[in-house]
Amino acid sequence: MLAIDPSKRPLASEVSARLFLLALRTNYDSVTNIFDQIGSDLGWHMAIQKKKFMIWAQVVGLDDESMRHQQTSLLVKGKELGRVFSLVEEIEQDLSFQVKSQGDPNQPESRALYHEKIQLWIDGLWDMAGIVSKEATKKMTSQLKDYLISEATSKLFPVVPDPAIDHSKLSIILAMKQTSESLDAFAPSENFELEEPSWHALPPQKEIELGWIGADKSVKTYMLAELLQYEDKWIDRTEELLARVNGLVSLLNKPDIVEAFPLLKCRHFYHDSQRNAFKLLYEIPRKAKCPNDEPIIFTLSSLILKTQDRKQRPPLGDVFFLAHKLASSIMAFHQAGWFHKAVSSSNIVFFPSDDKVLRNELISPYIIGFNHSREGRQDAFTVGPPEVKGLKDYQHPEYSRHYSKLRFREEFDYYSIGMVLLELALWKSLGHILNKHIPKDAKPEDVRTRLLEDVVPELGSYMGKLYEDAVKMCLDGTFSEQIGGDQPWSQFEKNVVWPLEKCLALCPGSGV
């Protein structure tokens with residue numbers, strides 16, 4: 001700055017920006033100190049605002065000691081340091097009032113007003129960062145959502161509405177989480193158990209069991225059935241199991257959950273004590289066609305086999321749509337504290353209006369297979385991997401090899417998603433892919449290695465680098481290490497869901 005040669009001196013605008021930055025960092029330190037001083041008296045609403053402020057500071061680099069004397073790109077690019085400084089200064093002043101008014105019974109209305117003002121100022125900081133970088137907004141929103149989900153308890157729900165997030169969907173995820181965490185004590189107002197004679201099974205199909213309930217064939221509702229088996233050790237605890245299954249059915253029966261995610265509505269269940277099992281009954285969509293008194297239904301695996309002719313294949317954009325829908329839905333289940341445990345192309349179904357024209361069906365998927373699912377809690381009811389032909393190929397090598405000693409983890413579902421994404425990219429069944437590239441006697445870990453080395457690198461030429469890297473992350477990811485303190489689903493969102501969203505954006509009009 002004091003160089004004799006004028007050409008080596010910084011511009012006046014650069015000096016001004018640095019001085020603003022120094023003042024901004026001082027105010028930032030003051031704000032964080034005041035938040036800490038208020039401590040547990042913040043309340044839930046202000047705790048959210050504190051977290052939003054800290055997330056913003058982290059994204060723009062204010063909380064990074066190594067960058068304290070550098071110009072933060074997100075601030076400098078916006079050329080709005082003065083506005084940012086003013087907003088942080090307003091937050092500091094309003095928080096100072098909060099400290100002064102603590103314990104004063106005559107100030108509740110004033111404190112509420114200042115709470116609203118603080119939220120307004122912090123929203124302004126978020127908006128300014130978003131103008132400079134859309135990725136910054138996405139990153140901040142993801143971190144806030146992770147915080148709300150991880151901190152949510154029955155005392156904190158419903159969440160205070162916040163313009164930074166999709167509150168309706170987050171509310172559904174939190175409701176699912178709280179219900180799944182308390183299934184033992186969950187007492188639905190409705191009993192969904194059905195007397196077995198009311199269920200009339202249709203001739204079994206290859207992968208799906210269908211049937212109907214009703215007084216007679218003239219008044220009937222078609223259903224898809226899934227079997228939930230339990231081990232002998234639970235025989236003396238059937239009342240507990242009945243309550244838990246009823247709670248699960250109640251969760252999968254809620255209209256807001258079924259509408260928010262690609263799920264069939266679970267209507268009933270019945271107990272088959274002779275088989276140590278419960279049968280879950282899902283309502284088939286009304287749009288389903290039923291020629292010859294039987295619904296038309298395709299799994300993804302059967303749809304792929306049926307459309308090998310390139311003229312019959314779905315558009316690329318619809319393939320991206322299904323890949324993103326599957327990944328984002330399983331991620332939402334994990335956020336709600338629920339593991340699927342049986343992700344496969346046999347557990348994604350469609351109800352086409354015409355079984356001769358299938359190329360437009362990928363945009364209306366339904367995820368099934370929840371008879372194998374369980375809560376993410378350590379003490380949750382669970383069984384080992386289901387004995388279903390072909391499903392073992394989708395299982396993570398570690399879980400497939402040591403399932404009797406391991407609790408199911410998020411990345412086991414992510415590995416299965418990677419296998420489905422592989423099928424979508426090559427438009428071949430997983431069995432066909434493995435038969436072509438993998439020796440029959442290969443161990444599960446060797447299968448993964450061969451896929452990563454020989455098959456996944458081919459995907460870039462079919463689907464693009466973003467898709468290839470997403471599949472690679474699913475098959476080779478280390479999500480449970482919680483890199484940087486992130487939850488596994490947060491890592492999955494950044495490395496799989498977001499890239500698939502970008503792939504989808506490259507194909508306007510897809511998924512419609």
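A few comments on the model shown:
- The single residue among Glu387, Glu361 that is acidic (Asp, Glu) and at pLDDT 80 or above turns out to be Glu361.
- Ala342 passes every criterion in (1) over 30 Å from Leu144 (Cα atoms); (2) in a loop (DSSP other than H, G, I, E, B) apart from (1).
- Within the range 321-336, being open to solvent by 10 Å² or more (accessible area, probe 1.4 Å) and more than 10 Å from the chain's Cα centre (by Cα) holds for Phe321, His324.
- Any hit, the range 299-307, residues being modelled with pLDDT under 90, polar (S, T, N, Q) and crowded, with 19+ Cβ neighbours inside 10 Å: no
- Condition met for Ala260 (open to solvent by less than 20 Å² (accessible area, probe 1.4 Å) and hydrophobic (A, V, I, L, M, F, W, C)): no
- From the options Pro105, Pro188, residue that is part of a loop (DSSP other than H, G, I, E, B), modelled with pLDDT under 75 and open to solvent by 40 Å² or more (accessible area, probe 1.4 Å): Pro105
- Among residues of the range 443-469, those that are open to solvent by less than 30 Å² (accessible area, probe 1.4 Å) and over 16 Å from Leu426 (Cβ atoms), counted: 0
- Qualifying residue in the range 200-219 (condition: over 28 Å from Pro352 (Cβ atoms), surrounded by 14 or more Cβ atoms within 10 Å (Cβ to Cβ) and not β-branched (Val, Ile, Thr)): no
Quick grid of which residues meet (1) touching a residue at least 40 places away in the same chain (Cβ under 8 Å); (2) in contact with a strand residue (DSSP E or B) (Cβ under 9 Å, 6 or more places away or on another chain):
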position: Glu410; (1), (2): yes, yes
position: Ile433; (1), (2): no, no
position: Lys440; (1), (2): no, no
position: Pro444; (1), (2): yes, no
position: Ala470; (1), (2): yes, no
position: Thr478; (1), (2): yes, no
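- Residue among Lys311, Lys289, Lys341 that is within 30 Å of Arg407 (Cβ to Cβ), among the charged types (D, E, K, R) and open to solvent by 10 Å² or more (accessible area, probe 1.4 Å): Lys341
- Criterion (of a type in the set (A, V, I, L, M, F, W, C), open to solvent by 50 Å² or more (accessible area, probe 1.4 Å), at pLDDT 70 or above and under 18 Å from Met140 (Cα atoms)) met by exactly one of Leu120, Leu62, Leu19: Leu120
- Summed over the range 270-319, the residues that are in a strand (DSSP E or B) and over 16 Å from Leu358 (Cβ atoms) give a count of 10.
- Residue identified as free of Cβ contacts under 8 Å to residues at least 40 places away in the same chain and of a type in the set (A, V, I, L, M) among Ala201, Ala277, Ala288: Ala201
The values are calculated or read from the model by the stated rules, or taken from the named source; none is laboratory data. Not measured: the values here are computed from a predicted model. Note that we place each Cβ from the backbone using ideal geometry, even for glycine, and neighbour counts take in every protein chain shown. For accessibility, only protein heavy atoms count, side chains too; no ligands or nucleic acids. Shrake-Rupley method; radii C 1.70, N 1.55, O 1.52, S 1.80 Å.
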